[in-house]
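The values are calculated or read from the model by the stated rules, or taken from the named source; none is laboratory data. Remember, it's a predicted structure, so these values are computed and weren't measured experimentally. Here the Cβ positions follow ideal geometry from the backbone for every residue, glycine too, while neighbour counts run over all protein chains shown.
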Ligand SMILES: Cc1cc2nc3c(=O)[nH]c(=O)nc-3n(C[C@H](O)[C@H](O)[C@H](O)COP(=O)(O)OP(=O)(O)OC[C@H]3O[C@@H](n4cnc5c(N)ncnc54)[C@H](O)[C@@H]3O)c2cc1C
C-alpha cells in the first residue's frame, strides 16, 4: 500500500497548508486577544504561549493514536477546519454577547493548537513507509516552517486588510477542509470505500458550514458588532492615542476612531467637499494650505484637486492614522494616495503644541482646515478654544481663510454655535454653513476670515459630486431649528463646549 | 494646589447620591513602604534617579566652618548687593531696576536662581521643584498686576476691574480631580460622597468666608488680605492666630467630614500642616484673602509647566552676569565708614570675594540670616519653625491608566499622606505620550526637627518607594511607566504658621532694617506665599530707594 511520488507530494502540500492555517489561527487569536484586552503585548504573548504549549501537548498525545492513522488524520483535519474556521466568528460573537469571552478564546485556541500539534506527527507516520526517516523529518518540517512564513505574510498583508478577521478565520478553515479532501483522495486506497465515503460526507458537512459562514460573515459580524460596528472589521488597532477601526459594510468602508464614525465612503465626499471648497472659494491666495487633524487624507485629497495648491502641511497627532490611510487599500483608494503626493508634508504632533512651538516668523498659510474629531473630551475640546484659534490666527495672514468642522447644528445646536462664538471671540469674522451628510445628519462648518469676507459664491474646482454653486448658496441658510442660540465661548480653563457637547450627544 | 472651596463644590451635587461609606481619612504616619518587598523592587529596578536638594552640604559646611576656601579675597563694588535670588531677592531687584538702580548684584548659593520656586529643565517639558502656581492677583494689588502684565500673563482688566488672565496661563480645565474609593472624581471632593449635612455645612462655610471677606476694621482695613502687612489687627482676629484651626472649626459648629477634609487638605497643601497644627487665622487667610468682594468667585489660578519657575525666569532675565550663582554668602557686616560689606565664597572653586556696597538686601530665610548678618548673631532666635517637604519628579514614558475622571492638572488622593501630583504637560496642552509628574508631600510631624532628621536619613530608593507606593494605588501601571524619578529633599521648605507664629512681635521686628542692611523673605510673614515674598522684596527695595534718594537729595 505504498504511495506514489505524486501522492507523497500531495501530502507534503497538505503539510504546507496545515502549517499555514495553523499559524494564521495563532495570529488571529493574538489579534483578537489584543483587540479585546487592549494590549498587543499581552494579547500576543499569552496567545503564542498557550498555542505553542498546546502544540506540544498535541504532539505528545499523537503517540496514543493507534493505527490505522489515515482515518484519524482526516478526522483531525475536519475538526481543525471546523474549530479554526469558527474561531474568530465565535469569539467575536461571544465578546459581543457574553461575559468572560476571553475564556472561550483561549479554550478554542488550546484545542485547535492541540489538534494542529497532532497533525504533523500523524502526517509523518503516514509517510514513514514511503520515505526514509531522515527524509520524512526533513521534508515535513521544511514544509511546516515554509507554511509558517506563508501564513504570517499572508495574514498581515492580504488576509486581515482585505478580508477582516471573521472571513480570514472562515476562509482558512475552508482551506484546511480542502487539504483534508486532498489527503482523502490520496489515502482512499488505504481507507477503503466505506470509510472514504463516511469521511467524505463529514468533510462536505464541515465545508458546507464554513461556506455558509463565509456568506453570512457580514451578518455574523453585524450580530457581533451589533452594539458598535455594523460591518466586517477590516482593521482594528489600539494605537498610542486611540482605537482605530475600519469596517466594510453596505458596499462601503467606514473609519471609526474610538468607536465614533469619522468617515463613511458612501458619502464622505459630501463632507469633505463641503469642508474644503468653500474655503478655497474665499481664499485670495491658495498656494499654502494647513490641515489640522484629518489624518485620513480626505481633506488633503480635496485640496490637491485645486491646481493652485503648492504645498500642504498636515498636522496629525496619531502616526497610526496616517500610516493606515497610506497603506490600507480601502482607505488609500478613498484618498487617492493623497498623502504620498510630493506637495504634502506630514507632521505628527498635537496641533495645539505644534502651533504654539511654530515660529511666528514662519511663512503664514493661505488656507487652514481644522478637521478634528468632535469635542467629546477635554483633550479634544482644547482644539476648539479661543486660545487655539488665537494660535491658528498667528499662522494666518490678513487674507487667509480658516474653516472648522463644527459638529451638527441640529443635534448639537449649542455646541455648533459655541464653536462659532469662540472663533468670533478672537476677532475673526465667521460664516457658518451646513450640509446634509446622510451618515452624520445635518453637519456644520464655520468659515472664518480676518476680514469681513463675503459669502463665497464661485467654486474654484469644477466637477464636484456634491457641491455646486446652488448648493453652496443654500448651505449658508439656517432654518429656524438650527439657528443661533445664546452660548458662552469655549476657553481652555472653562471648556463650555465639552459640557454642551456631553449634554447634547450624551443625552444628559 | 490649594483651592478655597469653590462654588461648584457647594452648589453642585444635584446628582449627589446619599453618603457612601467614607473610607478612613488619611492617616499621617509614614507607613513602611510596600515597595520593600522583592517584587516591587524588581518592578522598579529600571527606574533611574537621584536625590536632589538645596546644597545641604555647603549649608552644613557653613554651619560647621569646614568649607574649603583658598586664595586671596577679591574686592568688588556695587551700589546694592542682594543676598539670595529667590522670589524675594528677585522681586527686590525688579523694583530697584524700575527705580533706576541697575548697579546691583545678586549673590545666590545654588547654581540656579529661584529658591523654593526653582524648576527643572532636563525633561521633555520644564517642571517645578517647588512653588507651582499663583492665584490671579486681586484688583488692589497693582504691583503684582504690573509684573504679570509685563510677563504677558495678564491682559488688561475686565469690566469689574479684575485682572484678565491670559488664557494659556489660567489653569486649563480639568483643573483637579480626586481619587477616592478606587476611582478618580471631578473636583476636589467626590460629589457622590457628600450627604445633605456636608452640603449644608459647605454652604454655611461659604457664607462665613464671604462675611470674613467683607469684614473691615475701624480704619477700613480688610480682616484678611495680601500682603498680610495690610491686614486689620483687631484683638479677635489676633486671638484666632493663637488658636488651632480645628478648634476654631469646632467652636463654629463645623463638623462635616468632607469640609474638614477639604480644609485639612488646604492647610497641608499651603502650609505643610494639619488643621490641628495650623493657626486658625492662617487657615482663614487662605480662604478669604484672595476674594475681592463677598459673593465673588475665588480668582483663577495662574500656572506654567515649570510652575513659578516661569516667574523666576522672567525676573532673572535682565541680570545676566550680575546674577552670580554658586556663591555662598558667609558674612554681611556694616562698615564703620557707612555702607555694608558682604563676603561670599564661590562654592565650586573656593574663591573668596568681598562686595562693598551702599546697601545690602538680605533675602535668605531668617535662620540663615541670623548666622550671616553679623549684628544678628548674638540676638535672640527669632526664626519661625520650618517644615520639611519631599518633592519628587517622575519622568514617564506614557500616561498612567486610572479609572474614572480623566487626568487633570492637579491630581489629589483622599487616602494618602502626600498631596498627589501636578502634571507639567497639562498646561502645554500635550495630552499624550511622555510627561513629568511632580509629587508633593509635607512631613507632618509635630516636631519639624524630627522630620528633618528623618528626611536626611532616607535613601533614594526608600523615597522612591514612598512615592510609588502611594501613587500606585491610583495608577497600577505606574512602576512600569516611570523612567526616572528624582527626589528633592527640602529640609527647610517653608515657615510654618503654627498658632502664634504669624502675629508675633519678633516677626514684625525682624523685617525692620539694621542701618544699611534690609531684609526680605516670605518667612518674615510666618508663612510661605509667593505674594508675601514678592511684597517683602518690594518693601525692602523701597527702603533702599528711599535711602538712596534721601542721600542724593542731601548731596
Ligand atoms: C514644595 C514647595 C511648594 C510651594 N508651592 C507654592 C505655591 O504653589 N504657591 C506659592 O505661592 N508658594 C509656594 N511655596 C512657597 C514659595 O516657594 C515661597 O513663598 C517663595 O517662593 C519664597 O521665596 P523667598 O525668596 O522668600 O525664599 P526662598 O525661596 O527660600 O529663597 C531664598 C534664596 O536664598 C538663597 N540662599 C540661602 N542661603 C544663602 C546664602 N548663604 N548665600 C546665598 N544665597 C543663599 C537660597 O538658595 C534661595 O534661592 C512653596 C514652597 C515649597 C517649598
Flag if residue B:315 is part of a helix (DSSP H, G or I), away from chain A (no Cβ under 14 Å) and within 14 Å of the ligand (Cβ to nearest atom): yes
Filter result for the condition that a residue is crowded, with 16+ Cβ neighbours inside 10 Å, part of a helix (DSSP H, G or I) and modelled with pLDDT under 95, over B:265, B:286: B:286
For residue A:170: the one exception among (1) at pLDDT 90 or above; (2) more than 27 Å from the chain's Cα centre (by Cα): (2)
Positions within the range A:338-355 being assigned to a strand (DSSP E or B) and within 14 Å of another protein chain (Cβ to nearest Cβ), in sequence order: A:348
Failed condition for residue A:326, given (1) modelled with pLDDT of 90 or more; (2) touching a helix residue (DSSP H, G or I) at 6+ places or on another chain (Cβ under 6 Å); (3) within 24 Å of residue B:399 (Cα to Cα); (4) surrounded by fewer than 19 Cβ atoms within 10 Å (Cβ to Cβ): (3)
Helices (runs of 4 or more DSSP H) fully within the range B:418-484 counting 1 or more residues that are within 14 Å of another protein chain (Cβ to nearest Cβ): B:478-481
Restricting the range B:324-337 to residues that are under 15 Å from residue B:518 (Cβ atoms) and more than 10 Å from the ligand (Cβ to nearest atom), the residue that is farthest from the chain's Cα centre (by Cα): B:334
Residue in the range B:128-148 that is modelled with pLDDT of 95 or more, within 14 Å of another protein chain (Cβ to nearest Cβ), in contact with a strand residue (DSSP E or B) (Cβ under 6 Å, 6 or more places away or on another chain) and away from the ligand (no atom under 14 Å from the Cβ) present: no
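This table checks each residue for (1) within 14 Å of chain A (Cβ to nearest Cβ); (2) crowded, with 19+ Cβ neighbours inside 10 Å; (3) in a loop (DSSP other than H, G, I, E, B); (4) on the phi > 0 side of the Ramachandran plot.
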residue: B:155; (1), (2), (3), (4): yes, no, no, no
residue: B:160; (1), (2), (3), (4): no, no, yes, no
residue: B:168; (1), (2), (3), (4): yes, yes, yes, no
residue: B:185; (1), (2), (3), (4): no, yes, no, no
residue: B:188; (1), (2), (3), (4): no, yes, yes, no
residue: B:199; (1), (2), (3), (4): no, yes, no, no
residue: B:211; (1), (2), (3), (4): no, no, no, no
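Results for (1) in contact with a helix residue (DSSP H, G or I) (Cβ under 8 Å, 6 or more places away or on another chain); (2) part of a helix (DSSP H, G or I); (3) within 15 Å of the ligand (Cβ to nearest atom); (4) modelled with pLDDT of 90 or more, shown as yes or no for each residue.
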residue	(1), (2), (3), (4)
B:23	no, no, no, no
B:32	no, no, no, no
B:45	no, no, no, yes
B:61	no, yes, yes, no
B:71	no, no, no, no
B:81	no, no, yes, yes
Selected residue [closer than 17 Å to residue A:274 by Cβ and more than 12 Å from chain B (Cβ to nearest Cβ)] from A:392, A:403: A:403
The range B:170-183, residues that are within 14 Å of chain A (Cβ to nearest Cβ) and assigned to a strand (DSSP E or B): B:170, B:176, B:177
Residue in the range B:365-376 that is more than 14 Å from chain A (Cβ to nearest Cβ), within 16 Å of the ligand (Cβ to nearest atom) and not in a helix (DSSP H, G or I) present: yes
Subset of the range B:295-307 that is at pLDDT below 95 and away from chain A (no Cβ under 14 Å) - its residue that is surrounded by the fewest Cβ atoms within 10 Å (Cβ to Cβ): B:295
Test for residue B:395: is it more than 15 Å from the ligand (Cβ to nearest atom), touching a strand residue (DSSP E or B) at 6+ places or on another chain (Cβ under 8 Å), outside the structural domain of residue B:514 (by TED's automatic domain parsing) and farther than 21 Å from residue B:503 by Cα: yes
Verdict on residue A:427 being surrounded by fewer than 17 Cβ atoms within 10 Å (Cβ to Cβ), within 14 Å of chain B (Cβ to nearest Cβ), within 29 Å of residue B:426 (Cβ to Cβ) and at pLDDT 95 or above: yes
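Of these, A:424, A:414, which one is more than 13 Å from residue A:290 (Cβ to Cβ) and out of contact with any strand residue (DSSP E or B) (no Cβ under 9 Å at 6 or more places or on another chain)?
Among A:424, A:414, only A:414 is more than 13 Å from residue A:290 (Cβ to Cβ) and out of contact with any strand residue (DSSP E or B) (no Cβ under 9 Å at 6 or more places or on another chain).
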Close pairs from the range B:393-411: first away from chain A (no Cβ under 13 Å), partner in a loop (DSSP other than H, G, I, E, B) and surrounded by fewer than 19 Cβ atoms within 10 Å (Cβ to Cβ), Cβ under 6 Å, at least 6 apart: B:400/B:477
Search result, residues across the range A:305-323 that are in a helix (DSSP H, G or I) and surrounded by fewer than 20 Cβ atoms within 10 Å (Cβ to Cβ): A:319, A:320, A:323
Looking only at the range B:254-290, and only at residues there that are over 16 Å from residue B:527 (Cβ atoms) and out of contact with any helix residue (DSSP H, G or I) (no Cβ under 8 Å at 6 or more places or on another chain), the one that is farthest from the ligand (Cβ to nearest atom): B:261
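For the range B:315-327, how many residues are out of contact with any helix residue (DSSP H, G or I) (no Cβ under 7 Å at 6 or more places or on another chain) and surrounded by fewer than 23 Cβ atoms within 10 Å (Cβ to Cβ)?
Qualifying residue count for the region: 7.
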Options A:164, A:173, A:151; residue that is on the phi > 0 side of the Ramachandran plot and part of a helix (DSSP H, G or I): A:164
Which listed residue, of B:86, B:99, B:120, is within 6 Å of the ligand (Cβ to nearest atom) and modelled with pLDDT of 95 or more: B:86
